[in-house]
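Presented below is the structure to which this report refers.
The values are calculated or read from the model by the stated rules, or taken from the named source; none is laboratory data. Note that the structure is predicted; figures quoted are calculated from it, not measured. Cβ sites come from the backbone with ideal geometry, for glycine too, and all protein chains shown count toward neighbours.
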Amino acid sequence: MEQREFYVELLNKHVSNPKMIAHCLASEAVLRELARKFGEDEDVWGIAGLLHDLDVEITNADPKSHALVAAEMLQNVLPAEAVDAIKMHNEEATGMPRTTRFQHALAAGETITGLIFATALVYPDKKIASVKPKSVVKRMKEKQFAASVNRDTIMECERIGLSLDEFVQLSLNALIPIAPTLGF
């Protein structure tokens with residue numbers, strides 16, 4: 001996608017934290033893989049993953065405004081369904097529950113990246129390529145491990161038709177090719 005460079009520049013203009021940029025790139029990869037799985041538009045889903053946290057530094061991740069500002073910024077830049085999914089990845093800001101496949105996919109897809117990153121960091125080589133799906137699934141049950149990762153949001157994978165095992169495997173498959181770019 002020739003426009004991807006534009007979106008990456010937009011991300012870099014508003015987000016300076018390298019870990020947050022890695023999270024956004026990882027979210028893009030997972031969302032592209034989910035789009036392929038479900039026959040959706042890879043570019044639309046991928047760019048939503050890339051830009052879902054566009055306002056994180058502007059809003060200081062305030063749960064009352066995060067995602068709403070990003071949706072406003074992207075209103076005339078992305079298709080409406082992508083803006084909607086970005087807005088709804090933070091239900092707290094909207095006060096409404098997620099209802100569409102795209103909304104659930106973005107919320108679960110961006111959240112699983114944090115659990116996978118945390119799991120990779122406890123491996124001796126700290127590489128995503130070394131992470132076994134069963135390790136991620138096991139870590140899901142350990143509430144103290146990566147405690148800030150919302151397990152209920154990850155489990156929204158079931159609302160899009162994937163078991164946790166399938167979702168973890170799909171996510172790892174998406175991340176392994178870009179792991180060096182992410183610092184893993």
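Data overview
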read-out	value
Count of segment 37-59 residues which are in a helix (DSSP H, G or I) and either in contact with a Phe, Trp or Tyr (Cβ under 6 Å, 6 or more places away or on another chain) or closer than 16 Å to A108 by Cα (or both)	9
Selection from segment 1-20 of residues that are loosely packed, with under 14 Cβ neighbours inside 10 Å and under 26 Å from A118 (Cβ atoms)	N12, S16, N17, P18, K19
Residue within segment 18-34 that is modelled with pLDDT of 95 or more, assigned to a helix (DSSP H, G or I) and of a type in the set (S, T, N, Q) present	yes
Filtered residues of segment 21-49 (kept if of a type in the set (A, V, I, L, M), surrounded by fewer than 24 Cβ atoms within 10 Å (Cβ to Cβ) and out of contact with any Gly (no Cβ under 9 Å at 6 or more places or on another chain))	I21, V44
Of residues in segment 78-93 being surrounded by fewer than 16 Cβ atoms within 10 Å (Cβ to Cβ) and either part of a helix (DSSP H, G or I) or at pLDDT below 95 (or both), the one nearest to the chain's Cα centre (by Cα)	E92
Any hit, segment 167-174, residues being touching a residue at least 24 places away in the same chain (Cβ under 8 Å) and either touching a His at 6+ places or on another chain (Cβ under 7 Å) or of a type in the set (F, W, Y) (or both)	yes
When residues of segment 123-149 are limited to those that are surrounded by 14 or more Cβ atoms within 10 Å (Cβ to Cβ) and within 17 Å of the chain's Cα centre (by Cα), the one nearest to H104 (Cα to Cα)	V149
Residue satisfying condition, being among the acidic types (D, E), in a helix (DSSP H, G or I), free of Cβ contacts under 8 Å to residues at least 40 places away in the same chain and at negative phi, within set D62, D152	D152
Odd one out for R98, checked against (1) crowded, with 17+ Cβ neighbours inside 10 Å; (2) within 14 Å of F184 (Cβ to Cβ); (3) of a type in the set (D, E, K, R)	(2)
Residue match in segment 107-114 (condition: more than 19 Å from L182 (Cβ to Cβ), part of a loop (DSSP other than H, G, I, E, B) and at pLDDT 95 or above)	no
Candidates E42, E28 - the one that is closer than 20 Å to I176 by Cβ and either in contact with a Lys or Arg (Cβ under 7 Å, 6 or more places away or on another chain) or aromatic (F, W, Y) (or both)	E42
Selection count, segment 124-149, where residues are in contact with a helix residue (DSSP H, G or I) (Cβ under 8 Å, 6 or more places away or on another chain), assigned to a loop (DSSP other than H, G, I, E, B) and polar (S, T, N, Q)	1
